[in-house]
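Right, one structure below, let's go through it.
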Amino acid sequence: MSQHVRGVVARAKGEPVRVETVVVPDPGPGEAVVKVQACGVCHTDLHYRDGGIGDDFPFLLGHEAAGVVEQVGPGVTEVAPGDFVILNWRAVCGRCRACRRGRPQYCFDTHNAKRRMTLTDGTELSPALGIGAFAEKTLVAAGQCTKVDPAASPAAAGLLGCGVMAGIGAAINTGGVGRGDTVAVIGCGGVGDAAVVGARLAGAARVIAVDIDDRKLETARSLGATHTVNSRGTDPVGAIRDLTGGFGADVVIEAVGRPETYEQAFYARDLAGTVVLVGVPTPEMRLELPLADVFGRGGALKSSWYGDCLPSRDFPMLIDLYLQGRLDLDAFVSETITLDEVEDAFGRMREGDVLRSVVMF
């Protein structure tokens, strides 16, 4: 029997979001209904609202979430009612060419629930990243539910569903940061700060945080950055080179998603170093680099989708580190809010006033 819940809906491009009644159907084969306990306010949701990801309005926003499985559909064996789960948007298929080659973290055919949540008038909703968790309950594919230790705080655990995982994974999985490496992180929002944390977890000897906001740089330092550079008045490439004996960093993680900052990352790395793009650009952005420099500097230029994570492997491991006191996920929770405050939270996020606002249910 379908359920009526409250959810945050973006009706049209650029319009303020509204809390509306959402109809959640019973789960079909391979699906689950999750009672959401916490959901972070991520830049991706703002991109959806502003039409930067698609035009399949109306969107049911929210995707960075944790909760408890309430119902499962036929054939579901990986989770059961009562399980505490983090929602993910990489429900691996096990059949695509990436999965068959033993690289499920690159799955090219991740799946979502086939049944659609709707408004009360029957209008179908497009759930953000196939999740739609700014709602009291949501319908997802069972593979989008990753079971973790229920001792974890839902507000902290949910952040692994997107931003924190993207940053940690950019350092550890994509960038391959190793013991003794020097790492620079350009852009110290939630994802960039998570990259700082990931670099330290991987054993980096030096982590250089770059931003134009001293408040963000102070937060990055509290999370493990050894050096900070305010690029509003200082050339970050020169500063990173000065801090690395003139060579540049072994790994530079670009967490802004702009051509200007990507170019800085490119020239701030050492010869044969690695650039990781984890910041999300908009469709109209273009990058121009001298091809001779791309060839001559060697190394690797990588993009990081979701921190190249495999949720079934990475989420439980990171939650264990959190419960051991070795990963401070609580530090990423700037404030807790209600569903009705999401639009205001977007404004605070734009201004850089918060690391993460988290909707609590």
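Only one of Val229, Val256 is open to solvent by less than 30 Å² (accessible area, probe 1.4 Å), hydrophobic (A, V, I, L, M, F, W, C) and over 20 Å from Gly299 (Cα atoms); which?
Details: Val256 fails: open to solvent by less than 30 Å² (accessible area, probe 1.4 Å).
Exactly one residue qualifies, and that residue is Val229.
Taking (1) free of Cβ contacts under 8 Å to residues at least 12 places away in the same chain; (2) in contact with a strand residue (DSSP E or B) (Cβ under 6 Å, 6 or more places away or on another chain) in turn, Ala142 satisfies each apart from (1). In the range 229-243, the residues that are in a loop (DSSP other than H, G, I, E, B) and of a type outside the set (Lys, Arg) form Cβ pairs under 8 Å with partners that are modelled with pLDDT of 95 or more and open to solvent by 70 Å² or more (accessible area, probe 1.4 Å), at six or more places apart or across chains, as follows: Ser231/Ile212; Leu243/Arg206.
Out of the strands (runs of 3 or more DSSP E) lying entirely within the range 132-197, which hold 2 or more residues that are not β-branched (Val, Ile, Thr)?
In the range 132-197, the matching strands (runs of 3 or more DSSP E) lie at 137-141, 145-147.
Would you check if Arg116 is within 15 Å of Cys309 (Cα to Cα) and in contact (Cβ under 8 Å) with a residue 40 or more places away in the chain? Judged against the criteria, Arg116 is not a match. Cβ separations smaller than 9 Å between residues 6+ apart or across chains give the following pairs from the range 330-357 residues that are within 20 Å of Ser153 (Cα to Cα) to residues that are polar (S, T, N, Q) and in a helix (DSSP H, G or I): Ala331/Thr219; Ala331/Ser222; Leu355/Thr219. A search for C-beta distances below 7 Å between a residue of the range 2-27 that is without any contact (Cβ under 8 Å) to a residue 40 or more places away in the chain and any residue that is part of a strand (DSSP E or B) and open to solvent by less than 40 Å² (accessible area, probe 1.4 Å), counting only pairs 6+ apart in sequence or on different chains, returns Ser2/Val23; Ser2/Val24; Arg18/Val9. Meeting the requirement of 1 or more residues that are within 20 Å of the chain's Cα centre (by Cα) and more than 19 Å from Arg200 (Cβ to Cβ), the strands (runs of 3 or more DSSP E) wholly within the range 249-361 are 269-277, 300-303, 335-337, 357-360. Being open to solvent by 50 Å² or more (accessible area, probe 1.4 Å) and over 22 Å from Thr338 (Cβ atoms) holds for only one residue in Ala98, Ala151, Ala141, and it is Ala151. Here the condition is being under 26 Å from His43 (Cα atoms) and open to solvent by 10 Å² or more (accessible area, probe 1.4 Å); of Ala128, Ala113, Ala157, it holds for Ala113 alone. Go through the range 338-352 and give me each residue that's of a type in the set (D, E, K, R) and loosely packed, with under 14 Cβ neighbours inside 10 Å. Correct list: Asp340, Asp344, Arg350, Glu351.
What is the residue count in the range 50-71 for residues that are more than 16 Å from Phe346 (Cα to Cα) and open to solvent by less than 10 Å² (accessible area, probe 1.4 Å)? Explain how you work it out, then say what you get.
Here is the first cut: in the range 50-71, the ones more than 16 Å from Phe346 (Cα to Cα) are 53-58, 65-71.
Next cut, open to solvent by less than 10 Å² (accessible area, probe 1.4 Å) only: 65-67, 69.
Number satisfying all stated conditions: 4.
Can you report the number of residues in the range 67-83 which are in a loop (DSSP other than H, G, I, E, B) and closer than 22 Å to Val164 by Cβ? Give the steps one after another, and end with the answer.
Here is the first cut: in the range 67-83, the residues in a loop (DSSP other than H, G, I, E, B) are 73-83.
If we keep only those that are closer than 22 Å to Val164 by Cβ too, we end up with 79, 83.
Residues that pass the stated criteria total 2.
Of note, Arg350 does not satisfy the criterion of being within 27 Å of Gly132 (Cβ to Cβ) and in contact with a helix residue (DSSP H, G or I) (Cβ under 7 Å, 6 or more places away or on another chain).
The values are calculated or read from the model by the stated rules, or taken from the named source; none is laboratory data. Note that the structure is a prediction, hence the values are computed from the model and not measured. Heads up, the Cβs are rebuilt from the backbone with ideal geometry, glycines too, and the neighbour counts pull from every protein chain shown. Remember, those area values only see protein heavy atoms, side chains included, never the ligands or the DNA or RNA. Shrake-Rupley method; radii C 1.70, N 1.55, O 1.52, S 1.80 Å.
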